[in-house]
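Working notes, structure below.
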Amino acid sequence: MNVGFLGLGAMGMPMARNLQKANLLQAVWNRTNGKSAALAAELHCTAAATPAQLATQCEVMVICVSADVDVLDVVDALLPGIQPGALVIDCSTVSADTARTAAARLRSRQASFLDCPVSGGVEGAQKGTLAIMCGGSAEDFARAKPVLAAMGRTISLFGATGAGQATKATNQIMCAGIIRAVGEAMAFARAQQLPLEQVVETLGQGAGSSWYFVNRAPNMIRGSFPAGFRVRLHEKDLKICRDMAAASGVSLPVVDDVLREYAELIAEGYGDEDISAIYRLKWRLFAEAPFRNPPETEIFDLLRRARNVAIVGLSADRSRPSHGVARSLQKFGYRIIPVNPSAESILGEPCVPTLAAAVAALPAGERIDIVDVFRRPEHVSAIVDECIALHLPALWLQDGVIDEAAARRARTAGVFTVMDRCIFRDRAALPT
Ligand code: NAP
């Protein structure tokens, strides 16, 4: 059987390679000719100059191009060369109506058509493990089977022309809901400061897992979303789903919501990234949320465990609020470490010029448990970075030195951050 392949994109290129491995590939064509020439040289097959020229050499033709109009353009361009009895297999994702239009145009030349959209992504195309959903006659399906088997693993006929595309649309609705849920869940997990690799490893075995979770959550952890299944292409598919549902008078909330989110991603220039880029929007929900203090119970926990409190900006002047707080801390049993380059000692404790010097000055085995900050907002950012660099566990930003962005950065780096008018308490009086 001589098979021709048209459309050597991210999917088509590896699919054509698999046809060649099965000794079926006769010729290839691509709109941008350079790609077909290179592949033909690699696979020792013909690079056709036009679809019609390819049609004269092949009994079976596989198309894999972008959208509805492209499939119909390629089918029209095949028609002048098509032989009676030829079979055209379209693996693009388009509407069921387009499949029926293509079938009718080919029927007028005594040729057959199968709509055979695929699922499994670029990985599935490379490994030859695609799921292939077919629509057309049982006879054409049987004829196509060896060709489809070279490219996919699960191959099923769902009914007359268009049924393959309807099945694929069903799949695309699921993908939309799942990738959105995975993005939201991973952003949540990150905000909870969970060890994300471990989350994927464990939940990947659980009931909430999915192909997208196992294979695309790692993109979210890395913050890089190489295509993949492009946002733009899934958007196109979801518009097909939306229009097919609208024909039944229905609008689907998952489809509508994800279309809105994809529009946002595309407008920001992320249309050619993998659909796991939806995570960008989900993380933004957390990143842009106004800062909130941790729950009181966690603050009390910290105060119960803490012993050494470095006070940045502690004043030697008894009338200053920092001095009052430091006195209370001593009374409550904490050791204070004044970080003040212009004083020798405050409240009986020797001063150190920087946080790094405070860490160095502590007896072996002890650590700074809390960094209490009494500096103006313009100084906070540098102090936060110092805490992060020194792996100091907790930061207490006192009333009057609020810098939300810096506090959020500390929290993201795992520095337990308390902001605002939070009063230290006597450890003995802390609620349990
Ligand atoms: P792609 O990498 O963007 O490649 C698109 C291919 O279509 C290119 O070869 C392009 O030619 C060709 N093309 C576009 N418009 C054309 C036209 N008017 N006439 C002739 N050729 C045209 O896309 P892809 O990822 O391979 O996807 C192809 C199809 O598979 C789409 O329908 C998509 O929805 C579906 N699909 C994709 C995935 C996935 O994970 N990527 C998974 C399942 C299904 P040029 O090289 O000249 O641009």
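A short reminder: the numbers here are calculations on the coordinates, not readings from a lab. These numbers were taken from a predicted model, which means no experiment stands behind them. Cβ coordinates were reconstructed from backbone atoms using ideal geometry, including for glycine residues, and neighbour counts include every protein chain displayed.
For the reader, a short list of remarks on this structure follows.
- Whole-percent pair-distance distribution, where bins are 5 Å wide, for the alpha carbons of the stretch 182-278: 3, 13, 21, 20, 17, 15, 8, 3, 1, 0
- Amide H contacts under 5 Å for MET61: GLY4, LEU87, VAL88, ILE89, restricted to partners 5 or more places along the chain or on a different chain, H placed in the peptide plane at 1.01 Å from N.
- From its DSSP helices (H runs of at least four residues, each -39,500 (n - 2.57)), the chain gives a residue-normalised ellipticity at 222 nm of -15000 deg cm²/dmol.
- The packing ranking of peptides 179-187, 192-200, highest mean first, is 179-187, 192-200, where packing means the average number of other beta carbon atoms within 10 angstrom of each residue.
- Highest average first, the peptides 357-368, 406-417 ordered by how many other beta carbon atoms sit within 10 Å of their residues are 406-417, 357-368.
- Viscosity 1.002 mPa s, 20 °C: Kirkwood-radius Stokes-Einstein D of the stretch 296-428 over Cα pairs, µm²/s: 147 µm²/s
- Charge context of LEU329, other residues only, Cβ under 11 angstrom, K/R +1, D/E -1: +3
- Most mobile listed residue (LEU19, LEU233, LEU43) in the chain, GNM with C-alpha springs under 10 Å: LEU43
- Dipole magnitude (debye, nearest 20) for the chain, charges at Cβ of Lys, Arg, Asp, Glu: 500 debye
- At an R0 of 60 angstrom, the distance between the Cβ atoms of ALA361 and ALA289 translates into a FRET efficiency of 0.95.
- Qualifying GluC sites (Glu not before Pro) in the stretch 217-292, where qualification requires a DSSP coil assignment and no more than 15 other C-beta atoms within 10 Å, comprise GLU268, GLU288.
- Highest-fluctuation residue, ARG105, ARG216, ARG335 considered, GNM on the chain with Cα pairs under 10 Å: ARG335
- What the Cβ-Cβ distance of PHE332 and ASP385 gives, at R0 = 25 Å and to the nearest 0.05, is a FRET efficiency of 0.30.
- Exposure proxy ranking for ASP70, ASP257, based on other Cβ atoms within 10 angstrom of each Cβ and starting from the fewest, stands as ASP257, ASP70.
- In the stretch 150-229, a dipole from Cβ-located charges (positive for Lys and Arg, negative for Asp and Glu) runs towards its positive end, and of GLY159, GLN193, MET174 it is GLY159 whose Cα lies farthest in that direction.
- Solution diffusion estimate, µm²/s, Stokes-Einstein, the chain, Kirkwood Rh from C-alpha pairs, 20 °C, viscosity 1.002 mPa s: 83 µm²/s
- The 3J(HN,Hα) values that the Karplus relation (6.51, -1.76, 1.60; θ = phi - 60°) gives for the stretch 317-334 are, in residue order, 7, 4, 7, 7, x, 4, 5, x, 4, 4, 4, 4, 4, 4, 4, 7, x, 8 Hz. Gly and Pro appear as x.
- Across the stretch 1-125, the relative contact order, built from alpha-carbon pairs under 8 Å that are at least six residues apart, equals 25 percent.
- Between the listed residues TYR262, ILE275, ILE423, the Cα displaced farthest toward the positive end of the dipole of the chain, a dipole computed from Cβ unit charges relative to the Cα centre, is found at ILE423.
- Approximate spin-label separation GLN192-THR412, in nm, with each point projected 7 Å along Cα-to-Cβ: 2.1 nm
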